[in-house]
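Worksheet for the structure shown next.
The values are calculated or read from the model by the stated rules, or taken from the named source; none is laboratory data. What you are looking at is a predicted structure, and each value in this text was computed from that prediction instead of being measured. A quick note on method: Cβ atoms are made from the backbone with ideal geometry, for glycine too, and the neighbour counts reach across all protein chains shown. These area figures cover heavy atoms from the full protein model, side chains too; ligands, DNA and RNA do not enter into them. Shrake-Rupley method; radii C 1.70, N 1.55, O 1.52, S 1.80 Å.
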2 protein chains.
Amino acid sequence: MQTVVVLGAGNVASHLIKALIQNTYQVKQIYNRTLSKAEELGELYGISATNTASEIEKADLYLIASSDQAIAEIAEKIPETDGMIVHTSGAMPLTEIKSGVRRGVIYPLQTLSKGKNIAYDDMPFFIEAETAEDEALLHTFVRKISHKVDILDSEKRLKIHMAAVWVNNFSNLMFQVGEKFCIENELPFESLKPLIKETAAKLEEMSPYEAQTGPAKRADQETIKKHLKIIKDPDLKKVYELLSQLITKIHA
Amino acid sequence: MQTVVVLGAGNVASHLIKALIQNTYQVKQIYNRTLSKAEELGELYGISATNTASEIEKADLYLIASSDQAIAEIAEKIPETDGMIVHTSGAMPLTEIKSGVRRGVIYPLQTLSKGKNIAYDDMPFFIEAETAEDEALLHTFVRKISHKVDILDSEKRLKIHMAAVWVNNFSNLMFQVGEKFCIENELPFESLKPLIKETAAKLEEMSPYEAQTGPAKRADQETIKKHLKIIKDPDLKKVYELLSQLITKIHA
């Protein structure tokens, strides 16, 4: 597999196109419902763009990097092909793509924001296909991009996607709440960055259980009460209480 | 200020002793209620240990690195001195130390676990003292350990301590929940580590608001429902719902 059509023009599409080109794959075309977005992305790499399904070119691989809700519809629109059609979603089963085609999944387990550079060669990818042959082809294809490629079925992919929401989406929310308190109280959020860095770095040497510190771990109700007293937002107060209780319970 | 007596023998004490010795301060003695813990720590550096308050030696600085609840009691026990008595707590006011002595605070804003090495020279320290003279002395003292020293009063210190709980304690809990799901479903937690690393690394280039990705940000109720369906623990289900709602609200 050498030639690729990318369907979608968001964060994931933009990073995958970059990774494909870095690894000498030929991205023939970008398809996107909003043409201007496909054109903007295509211009960066000299790739043609279209929003017309009948114009979608022949390729070895059709990479759908759209919203989850659009996968089925986009897959339907691809003109008849011998190529493989894969989506990139953690939460959608392989069967989200219509049957009767060679279908598969390439799921990059990473938080991808436009404009944020990231190394692709140690990014974990989980792949799935319907036949052993296609699975092997996908493995070889992705292996050129990253040395971390594993085969995972749709059910387990949803579960690791859910775990990813906890470790990334929710911890990033915690960073945001920390920043909010800093801004409100004229404190330097910069001072929290070494702490954030160390929070992640600790896991190279110990488990999250061992890494835990702080008042809730020590069941230090005095400090917890003091903190609750200075949290004004009722939602955040509730979250603080709930998370503290969980930590205390785990370390009891 | 050159000579120090450290009171306490836990995580914070152990790291501060190391930082002091690395920066050529003389740690004369470790005082701790449980003598064996003080001795164990003292042996690493050839420092004498005691659990008898009347034996506490004279020093320029008495560094109380105990639990918050023990600070007042330990400060009371220190034999009459011209030296400064400081505690290291984020949540306790300077006045937790009895009046009538030169009192202060040296608060290291970091997650410190025993046995986990960390660079002290860019660790943020917040200091407080009662006189400008003592403040300057403390500043000079800590500045030798780290280039990130700021003066902060007790009220603001509690607030940054609270923000630290969010960015560290609570995000570490998110990592732990992620690990738990991996173990339960025989998925490799290792695969989540690049994601965790990138979650922290993103903040070097963008704000947590800009860094946010995932279903809750996109208000993708389908995926949220799928995830909730596979979370069995009712506490975690509640946390997932609450945090997703918060993210969706922020990005609405």
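Quantify how strongly other chains surround peptide B:208-219 by giving the mean number of their Cβ atoms within 10 Å of each of its Cβ atoms. All intermediate terms of the calculation are to be shown ahead of the outcome.
Numbers: counts 12, 5, 5, 8, 8, 11, 10, 7, 4, 3, 3, 0.
Other-chain Cβ atoms within 10 Å of each residue's Cβ, averaged: 6.
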_Placing the label point 7 Å from Cα along the Cα-to-Cβ direction, what are the distances from A:Leu44 to the equivalent spots in the other copies, shortest first, in nm to one decimal?_
4.6
*Each label point is 7 Å from the Cα along the Cα-to-Cβ direction; what then is the distance between the points at A:Thr95 and A:Glu186, in nm?*
6.1
*Using the membrane-span-like helix rule (whole DSSP H runs, Cα extent along the own axis of at least 27 Å, mean Kyte-Doolittle hydropathy at least 1.0), which helices of chain A qualify?*
none
*Among B:Thr199, B:Thr131, B:Thr50, which one shows the biggest mean-square fluctuation in a GNM of chain B, springs joining Cα atoms closer than 10 Å?*
B:Thr199
_I want the local charge near A:Thr3. Using Cβ-Cβ distances under 11 Å, sum +1 for each Lys or Arg and -1 for each Asp or Glu among the other residues._
0
*asked:* Taking B:Asp121 in one copy and the same position in all the others, each labelled 7 Å out along Cα→Cβ, what are the pairwise distances from the first, in nm, shortest first?
replied: 2.9
*Could I have the simple spin-label model distance between A:Gln221 and B:Gln221, label points 7 Å from Cα toward Cβ, reported in nm to one decimal?*
4.0
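May I ask for the percentage of alpha-carbon pairs in the protein assembly as shown that lie more than 35 Å from each other?
Values: 53566 of 126756 pairs.
Summing the P(r) of the protein assembly as shown above 35 Å gives 42 percent of all pairs.
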*Over the whole of B:182-195, what's the average partner chain Cβ count within 10 Å per residue? Rounded to a whole number, please.*
6
*B plus A alone minus the pair: what accessible area, both sides summed, probe 1.4 Å, in Å² to 100?*
8800
_Near-label residues of region B:130-169 by backbone N, under 19 Å of a point 7 Å along Cα→Cβ of B:Leu242_ = B:162-169
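With the radius of gyration and the Kirkwood radius both derived from the Cα set of region A:1-153, what is their ratio Rg to Rh?
On the way: Rg = 13.9 Å, Rh = 15.1 Å.
Taking Rg over the Kirkwood Rh, I get 0.92.
Return one whole number: the accessible area per residue of region A:132-252 in Å², for a 1.4 Å probe. Before the final figure, lay out each step's value.
Details: 5330 Å² over 121 residues.
That works out to 44 Å² per residue.
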*Report, as an integer, the average count of C-beta atoms from other chains found within 10 Å of each Cβ along A:223-236.*
3
*Label geometry 7 Å along the beta-carbon vector: B:Glu133 inter-copy distances in nm*: 8.9
*Inter-label distance for B:Leu35 and B:Ala70, nm, one decimal - labels placed 7 Å from Cα along Cα-to-Cβ*: 1.6
*Which of the peptides B:121-127, A:66-72 is most tightly packed, and how do the rest follow, going by the mean number of other Cβ atoms within 10 Å of each residue?*
B:121-127, A:66-72
*asked:* Using Cα springs under 10 Å in a Gaussian network model of chain A, which residue among A:His147, A:His161, A:His139 shows the largest mean-square fluctuation?
replied: A:His147
*asked:* Considering only protein heavy atoms and a probe of 1.4 Å, how much of the accessible area of the protein assembly as shown is carbon and sulfur, as a whole percent?
replied: 49
